[in-house]
1. Going through the stretch 313-326 one residue at a time, which ones are touching a Gly at 6+ places or on another chain (Cβ under 9 Å) and either at positive phi or open to solvent by less than 10 Å² (accessible area, probe 1.4 Å) (or both)?
2. Would you be able to say whether some residue in the stretch 309-320 is touching a residue at least 60 places away in the same chain (Cβ under 8 Å), more than 20 Å from the chain's Cα centre (by Cα) and more than 26 Å from Ala396 (Cα to Cα)?
3. I want to confirm something. Restricting to the stretch 355-369 and keeping residues that are within 20 Å of Gly337 (Cα to Cα) and in a loop (DSSP other than H, G, I, E, B), which single residue is most open to solvent (accessible area, probe 1.4 Å)?
4. Using the structure shown, decide if Glu310 is touching a helix residue (DSSP H, G or I) at 6+ places or on another chain (Cβ under 6 Å), surrounded by fewer than 21 Cβ atoms within 10 Å (Cβ to Cβ) and assigned to a loop (DSSP other than H, G, I, E, B).
5. Which ones in the stretch 375-398 are surrounded by 15 or more Cβ atoms within 10 Å (Cβ to Cβ) and over 27 Å from Ala181 (Cβ atoms)?
6. Please determine, by comparing only the residues of the stretch 87-129 that are exposed (fewer than 14 other Cβ atoms within 10 Å of the Cβ) and not in a loop (DSSP other than H, G, I, E, B), which one is farthest from the chain's Cα centre (by Cα).
7. Working carefully through the options Glu175, Glu186, find the one that is farther than 21 Å from Asp223 by Cβ and not in a strand (DSSP E or B).
8. Does Asp314 satisfy the criteria of being touching a Lys or Arg at 6+ places or on another chain (Cβ under 9 Å) and charged (D, E, K, R)?
Amino acid sequence: MDTHVIVGGGLTGAKAAETLRAEGFAGRIVLIGAEPDLPYERPPLSKGYLLGQEDRASVFVHDEKWYADQKIEVLTGRRVTALDRAAHEVELAGGERVGYTKLLLATGASPRRLRVPGNDLKGVHYLRRLAHADRLRDALAAGGRVVVAGAGWIGLETAAAARGYGCEVTIVEPEPTPLHATLGAELGGYFADLHRGHGVDLRLGTGVTGFAGDSTVTAVRTDAGEIPADVVVVGIGARPETQLAEEAGLAVDNGISVDAALRTEDPDVFAAGDVASVWHAAYDRRIRVEHWAEATNGGTAAARSMLGREVVHDDLPYFFTDQYDMGMEFTGWFPPGGYDSVVTRGGTDAFHAFWLSDGRVVAGLHVNQWDEGLDAVRELIRSGRKVNAGELADPARPLTN
């Protein structure tokens, strides 16, 4: 009997297993996850679940009965320590081996750590796993002074959640604006104003040098002085979990290198989700996307590719965020500094923004523009046609013809 093994018990792995069955695969499916929980979705960890608006059961992709009904073997709390490509086997901690016909690596990413004095103090939190969210939710509910190191998506969302609990919040960020590398200064400034308007103290252009306290954190040390803290959240990005692939001799470059069908150079090994660096013909390069849509769509595409279907995984990168009463969706991609201008369309509370390179839209977002959304933005990006910036900024003109 053919056996398809999925290493990684997150959303990508769950969607891959689901698709294998939906597409008619009748063989054995083994889903192996290092965490003790069934696969779950990560966005609620910094949004609804962290805010106490969603219960714990709501974050799981499927319940235990569903996996049993689908005859999918789920091994939770089991870490894969080695990949033997010649033998077509993976080895688990403790020495057990599981053979595979096809293998999907969906090992995800882990939080980047701040390597500064005091980083092991109680009260210093990272947010990636469900257990992290459980601890952080309890800490925020207790109130007090919260310092967030990093003004990326996780940092901003946790800051908004902390304000929702009534905490006093300070964000420390070495760049001149939040999301500076991701969105640039123009939209980074919008997010700075958003958080300041909700009472957050932003210390931009400031780096964290350490954490003070005996066993529990009491302050964050920065290059501009100390900030008192009862809770610290570190959100400085994530690194792909590529060690298993590297040790097995697979190509790795900011993620496991795969083609547009999510295949590695080994025809029986695939990679998807946060860990995969995927070839995109439109960008003429491989890019790695860490967001929810990539986990969902990548897992589905990888499963179909494992079954020998024709697959071109070229979905435009997509991300969404909810902070306070602001909801945003973003699509597209550009490298740092890879745009000439930003064009906005609309008011201050509800608008579109477009990133242009050589007169073409390469990325766009909307804030609270739910009637229009992103469909027209996607069409502009995919068309590759040059646009008139003045017309693009005019809400009276249609976005597409």
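1. Step one: filter the stretch 313-326 for residues touching a Gly at 6+ places or on another chain (Cβ under 9 Å), giving 313, 315-318, 320-322, 324.
Those that are touching a Gly at 6+ places or on another chain (Cβ under 9 Å) and either at positive phi or open to solvent by less than 10 Å² (accessible area, probe 1.4 Å) (or both): His313, Thr321, Tyr324.
2. Scanning the stretch 309-320 turns up at least one residue that is touching a residue at least 60 places away in the same chain (Cβ under 8 Å), more than 20 Å from the chain's Cα centre (by Cα) and more than 26 Å from Ala396 (Cα to Cα).
3. Step by step, filter the stretch 355-369, then rank; the result is Asp358.
4. On the way: touching a helix residue (DSSP H, G or I) at 6+ places or on another chain (Cβ under 6 Å): no; surrounded by fewer than 21 Cβ atoms within 10 Å (Cβ to Cβ): yes; assigned to a loop (DSSP other than H, G, I, E, B): yes.
So Glu310 fails the test.
5. none
6. Arg97
7. Working: Glu175 fails: farther than 21 Å from Asp223 by Cβ.
Answer to the selection: Glu186.
8. No; evaluated as a whole, the condition is false for this residue.
The values are calculated or read from the model by the stated rules, or taken from the named source; none is laboratory data. Predicted model only: the values in this text are computed from it and were never measured. Reconstructed Cβ throughout: ideal geometry from the backbone, glycine too, with neighbour counts over all protein chains shown. What goes into the accessible areas is simple: the full protein's heavy atoms, side chains included, and nothing from ligands, DNA or RNA. Shrake-Rupley method; radii C 1.70, N 1.55, O 1.52, S 1.80 Å.
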